[in-house]
Protein chains: 2
Amino acid sequence: MTHPFDQSIALSPVSAHRFSGQTCPAYANMVGPFGGTTAAVMLNAVLQHPSREGEPIALTVNFAGPVADGVFEIEALPVRTNRSTQHWVLRLEQGGAVCATGSAVFAQRRQTWSAPEAQPPQDMPPADTLPRSPLRGGAPAWVRAYDMRFAPGEAAFHLDGQEQADSRSRLWVRDEPPRPLDHASLAALCDSFFPRIFVRRRRLALIGTVSLTSYFHADSALLAAQGEQHLLATARALNFRDGYFDQSAELWGHGGALLASTHQIVYYKE
Amino acid sequence: MTHPFDQSIALSPVSAHRFSGQTCPAYANMVGPFGGTTAAVMLNAVLQHPSREGEPIALTVNFAGPVADGVFEIEALPVRTNRSTQHWVLRLEQGGAVCATGSAVFAQRRQTWSAPEAQPPQDMPPADTLPRSPLRGGAPAWVRAYDMRFAPGEAAFHLDGQEQADSRSRLWVRDEPPRPLDHASLAALCDSFFPRIFVRRRRLALIGTVSLTSYFHADSALLAAQGEQHLLATARALNFRDGYFDQSAELWGHGGALLASTHQIVYYKE
């Protein structure tokens, strides 16, 4: 049986650089699909493109307009291939309208001096000792597609309107049902953090991610070694000002390796 | 007299969405131009495009191949204009070859609940009490186009090969000669940090920024209020692995407002 995530990123070739896909009900958001699957399916257009060389290191997706439930087309254009890197320009369209633009860089990694600098949080209890975050009534479908376990004393977000001093979160997260980690699912996980303004203000707001950039620090072998385990994740904002806030987050594998770091800027309305 | 930075980002219209520019010797890098001016001139193509609405909030530039000294063309294509945001797709070409791709999001900002979350470093002595970082022989021209003043005990980077535990920097930085701050110069400042691997390993390495994303937290009025003063800046890396490291940095205005946050992934070779 195909995992719903694989349904959500499935593509059929239309022409040399065009693919068609369709949204998957399991990843529905309040309106249209979860942005993480939109990012993942745009990355997948490159992953399955016959000209693709190497593995993803950077992905930017700009959410230009709403994606409606149903079919869409993605253009993935290889614009330059170098010895170490390959540059792709991406576009997602529905009915001739541009819903998302983006770019991806793929790379041939070679073994070099390597070293971590940032460290994962040291005091997280193991995932299996924490309860899965309760599923709220009214939450969109995609939330049920992730198993999230927040640090003791933390929650996805509170709704008592008592503003916090920060919007930091620490959690374990994995696909639900479990699925072996790969670059496509990691790209979607990069957008699985609840909007920082919900956390900070402890109330809901109208929001929309405008632009999302993710860096992949791990090759497919390191991702495969994670299997179906939870990843350790951290997220925060730097600033909320006049309708836009940023978010930065990290996803760590077991053993403490940084797998991805991700940044986005988000529109909000009070 | 035109400031060299304004020369470096000057563009002439070629056709509806195409502009021509040329590299400026004052911003020469080891090979070709400083990446910060490449990012700034791509942003400037949108800033001066007659269809532009609003002000920049996000800019991504992918450095696909070397830019040679001399003329280049930039295509800036408005692909979608919404009530609050406008999405642009960017490309820089020389002789028919794609040297850089990118995207920009411009936005109409409206006054909302706003709050900082991150804070600038609290213990930086004023810029005028610190010496300007000495200019090394052999440094590329663009380094002389910035006045950098590092925190006491810090330096641009050391070259004794004694690896540090981190790659953090704190510094004051402004254009040299001074120039009133705007979005274009801020876009260039976002790429003015020395490669984190030089700081971490205290030795030079062959490096090249692959992809750069900057978020603008300030509108043009807040930037204009900075005038020609130094900005306070912080930079660090999360991870160095198998040929690629990331960098995140912030630029703060006087009064402590976050003006820009910026992220990049960089190729390195030992």
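None of the figures in this text is laboratory data; all of them are computed from the coordinates on show. Worth saying up front: this structure is predicted, and the values here are computed from it rather than measured. Positions of Cβ are backbone-derived with ideal geometry, glycine not excepted, and every protein chain shown enters the neighbour counts.
Below is a table of values for the structure above.
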read-out	value
Two-decimal Rg to Rh for the stretch B:57-172 - Kirkwood Rh, Cα set	1.07
Globularity index of the stretch B:1-122, i.e. its alpha-carbon radius of gyration over 2.2 N^0.38 Å	1.16
Segment B:E53-B:Q164, extension gain: residue separation times 0.36 nm, minus the distance between their alpha carbons	35.4 nm
Cα-centred dipole magnitude for the stretch B:126-256, charges only on beta-carbon of K, R (+1) and D, E (-1), debye, nearest 20	460
Per-selection Kirkwood Rh - the protein assembly as shown (Cα, Å, 1 d.p.)	23.4
Number of partner chain Cβ atoms within 10 Å, mean per residue of B:99-106	5
Radius ratio Rg over Rh of the stretch A:131-228, counting only Cα atoms, Kirkwood formula for Rh	0.98
Nm distances between copies for A:Q162, ranked from closest, using label points 7 Å along Cα→Cβ	4.9
Two-decimal Rg to Rh for the stretch A:210-270 - Kirkwood Rh, Cα set	1.10
Normalised convex hull volume, chain B, alpha-carbon set, Å³ per residue	140
Over 15 Å [Cα-Cα, the stretch A:9-63], rounded percent	51
Vicinal HN-Hα couplings computed from phi for the stretch A:247-253 (Karplus, 6.51 cos²θ - 1.76 cosθ + 1.60; Hz; Gly/Pro x)	9, 10, 8, 10, 10, 10, x
